[in-house]
Amino acid sequence: MPGWGWAVLVVFMIMAVVLGLIHAFRRFRHFGFMGAALGNAMGKRFDRMASASAPKRTSEPPLFTQPLDVAQQRYERAYAKKLERQDRAHARHRATWLQWLDFNK
């Protein structure tokens, strides 16, 4: 290869390295701005979460300080509601299946 060929290769290599560095710098700047915007958005949301105070229920003492009957009654009510929800879901599923069976005849 003639001498000028090597010079052309070196120039192209230097240009490729410089263009790669410029591209990397621009992408780094872009991601820096994007990270700053993301940080600001997260900061605003965290500030809103910190300022929003959860309602405190002070009308009733904690359950572990009350008689066992209170806990038992709460459990019974919750379990009854659970059974009612399961029955409603079963009824809905049964109605849906009956509708499909009738539809496919």
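The values are calculated or read from the model by the stated rules, or taken from the named source; none is laboratory data. Predicted model, so just to flag it, every value in this text is computed and none were measured. For neighbour counting, all protein chains shown are included, and Cβ atoms are generated from backbone atoms with ideal geometry for every residue, glycine included.
With respect to the conditions (1) more than 30 Å from the chain's Cα centre (by Cα); (2) of a type outside the set (Gly, Ala, Ser); (3) modelled with pLDDT under 95, residue 29 falls short on a single one, namely (1).
Does residue 47 qualify as being exposed (fewer than 10 other Cβ atoms within 10 Å of the Cβ) and in a helix (DSSP H, G or I)?
Taking the combined requirement at face value, the residue does not satisfy it.
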